[in-house]
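S.K.: My questions will all concern the structure given below.
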Amino acid sequence: MSFRLTAAAIETSVLAEALRDVRTGACVTFEGRVRNQNEGRAVRALEYEAYAPLAESEGAKIVAEAMGRFPITQAVCVHRTGSLALGEIAVWVAVTSGHRAAAFDACSFIIAEVKARVPMWKKEHYADGTSEWINCATGAAKA
């Protein structure tokens, strides 16, 4: 598994255990969590949608690029879809390598490229009862 979408909660301990390898001295992870505010607005929940075939294909390309660009042994990215509550993990990235620098660099590369290239749509639900699609290529649509 290099990249996948899931509607279920991301089980980081299970994913991390699958990355254990005596050849690696470093494992760097990133957890993107739902926070309670964005740009001065109180957020109460998030919702993610994706065009799964394209999202999974592009996500796999990004992980493959990281594997070719950095001296790493494994890389995984899992992104949630559906409704998420405050504090839940929306995206998880893990990279293993012989040394920490490559793992940090590859992890940073993967999350930046996923945010830029994978077709995901995020809807923020605000404390005032309104909601808004944000970070969409076609612009925000208010609901």
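FYI, it's all coordinate maths here, none of it is from the lab. This is a predicted model, so every value here is computed, not measured. Don't worry about glycine lacking a Cβ; one is built from the backbone with ideal geometry, like all the others, and counts go over all protein chains shown.
S.K.: How about Lys115: which aspartates and glutamates have a C-alpha closer than 12 Å to its C-alpha, ignoring those fewer than 8 places off in the same chain?
M.R.: Glu58
S.K.: Provide the packing ranking of 8-19, 95-106, i.e. peptides ordered by the mean count of other C-beta atoms within 10 Å per residue, highest first. Please report the intermediate quantities before stating the final value.
M.R.: Values: 8-19: 12.0, 95-106: 19.6.
Descending packing order for the listed peptides: 95-106, 8-19.
S.K.: Could I ask something else about it? Helix 100-117 versus the longest principal axis of the chain: what angle, 0 to 90°, nearest 10, using Cα atoms?
M.R.: 30 degrees
S.K.: Determine the gain in length on full extension of the stretch Thr130-Arg20; use 0.36 nm per residue of separation and subtract their C-alpha separation, reporting nm with one decimal.
M.R.: Details: separation 110, 0.36 × 110 = 39.60 nm, distance 4.35 nm.
That pair, Thr130 and Arg20, stretches by 35.3 nm at full extension.
S.K.: Work the Kirkwood hydrodynamic radius out for region 3-134: mean of 1/r over every pair of different alpha-carbon atoms, inverted, in Å. Show your work: numbers first, answer last.
M.R.: On the way: mean 1/r = 0.0651 Å⁻¹.
Computed over region 3-134, the radius equals 15.4 Å.
S.K.: Setting aside same-chain residues fewer than 8 positions from Lys122, which aspartates and glutamates have a Cα under 15 Å from its Cα?
M.R.: Here the aspartates and glutamates satisfying the reach criterion relative to Lys122 are Glu39, Glu47, Glu49, Glu88, Glu132.
S.K.: Just in region 1-97: which trypsin sites (Lys or Arg not before Pro) are loop by DSSP and have at most 10 other Cβ atoms within 10 Å?
M.R.: Working: sites: Arg4, Arg20, Arg23, Arg33, Arg35, Arg41, Arg44, Lys61, Arg69, Arg80; in loops: Arg20, Arg23, Arg35.
Hits after loop and neighbour filter: Arg20, Arg23.
S.K.: Can I ask one more? In which sequence would Thr6, Thr24 go, from the one with the fewest C-beta neighbours within 10 Å to the one with the most? Intermediate values should be presented prior to the final figure.
M.R.: On the way: Thr6 13, Thr24 17.
Listing Thr6, Thr24 from fewest to most nearby Cβ atoms yields Thr6, Thr24.
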